[in-house]
1. Out of the GluC sites (Glu not before Pro) in segment 204-271, which ones are loop residues according to DSSP with at most 16 other C-beta atoms within 10 Å?
2. Within 10 Å of each residue's Cβ, count the other Cβ atoms and sort Phe62, Phe140 from fewest upward.
3. Starting from the Cα-Cα distance between Ala194 and Gln74, subtract it from 0.36 nm times their residue separation and give me the gain in nm to one decimal.
4. Taking amide H positions as placed 1.01 Å from N in the peptide plane, with prolines and chain starts having none, which residues 5 or more places from Ala52, or on another chain, fall under 5 Å of its amide H?
5. Sequence-distant or interchain residues sharing an amide H contact under 5 Å with His139, placed H: which?
6. How much net charge surrounds Asp252 when only the other residues with a Cβ under 10 Å from the Cβ of Asp252 are counted, with Lys and Arg +1 and Asp and Glu -1?
7. Quick one: what are the phi-derived ³J(HN,Hα) couplings along segment 32-40, Karplus 6.51/-1.76/1.60 with θ = phi - 60°, whole Hz, x for glycine and proline?
8. Which ³J(HN,Hα) values in Hz, rounded to whole numbers, follow from the phi angles of segment 19-30 under the Karplus curve 6.51 cos²θ - 1.76 cosθ + 1.60, where θ = phi - 60° and Gly and Pro get x?
Amino acid sequence: MDTLQSLRIEGQGAVAELVLLGPGRGNAMGPDFWRELPQAVAQIEADDAVRAIIVRGSGEHFSYGLDLPAMAAQLQPILGNGAAGRAAIITLARQMHSGFAALAASRLPVIAAIDGWCIGAGIEMAAACDIRIASASAHFALREVNVGIVADLGGLTRLPHLIGEAWTRQLALTGDEIDAATAARIGLVTQMFADSTALLNAARVLAARIAANPPLVVAGIKQVMNARIAADVADGNREAATLNGMLMQSEDFAEAMRAFIEKRTPAFKGR
C-alpha cells in the first residue's frame, strides 16, 4: 500500500501502535486521515502476529478532531448546493464513518491512550475503541455544536453506551470540556495516569496482557458486545449524517465557518 501520511504504524510482535501524525496541528484529521485509517487498520489486521492495537497521538495531544482548513477543498463545492450538496455531504460522512467502524469491528482489541486534547472526532475515535485510558492532562469535548453541526461519527451513538444519556447530552449540547478526572468518574476512561510516559507504559502492559489471551475468545467478546449496540450505532449515524446534510446548508453553519476563520464568537440566528 502507499506510504501513510497521517498515520504511522509502530510496534512489533503481538502489539501494534497506530500513531496519529501532525503534532503541530494537534493531530487534526484531514482528508489523508479519513482515506488512510481503514487501510491502516486492514494492514495491521493482515499481520497474523498482531493481537492488540494501541491508538495514540504524536506529540502532546491525542487529536483536535476534524481539520476544518484541510477539509475546506472537499466541503466548499458541496455547501449551498441544495439537494446535490446534501447528498454529497451524506456520502462524505459515510466515507468518514468507515475508519472508526473498522476500529470498532476489528477482531483485534483496540486501546486508546489519550494524552492532552481529545476533541470532536477525536473523542468519537476514542469511543470506537474497546478501552480508553488517559493521562491526568487529558481533556475531552464534543465541539460540533459550536460549529453548527451535530456529532455524526459516533459521538451521539457510541458515547451513550459508555457514559450514559445524561452526560452525552450535556457534552453534546454545551460543547463544554471535561478533564481526565471527570472522564474517569463518568466511565469515559477506565484508568488515569500521572503523565504521558506512565500512560504509554500502562497501555503497552494492558495490550500485552490482552494479547496473551486466546485470540478467538477475545474476538468473540468484541463480536458479542458490538452486536448489542450495532443497530443503534448504524441507525444513529445515518440519522446524524442526514441531518448534517441539511445543517451544513444553513446560514448558521456558514456563520460558524466565518467565525472560525476570523477567530470570533459566532452569532447564530436559527436559519
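1. Those that pass, being in a loop and sparsely packed, number zero.
2. Starting with the residue having the fewest Cβ neighbours, the order is Phe140, Phe62.
3. Contour length minus Cα-Cα distance gives 39.2 nm.
4. Ala16
5. Answer set, sorted by chain and number: Gly116, Trp117, Cys118.
6. Net charge around Asp252: 0.
7. 4, 4, 5, 6, 8, 4, x, 5, 5
8. 9, 6, 9, x, x, x, 10, x, 6, 5, 9, x
Values quoted throughout were computed directly from the atomic coordinates according to the rules given, and no laboratory measurement underlies them. Note that this is a predicted model, so its numbers are computed, not measured. Note: ideal-geometry Cβ built from the backbone for every residue, glycine included; neighbour counts use all protein chains shown.
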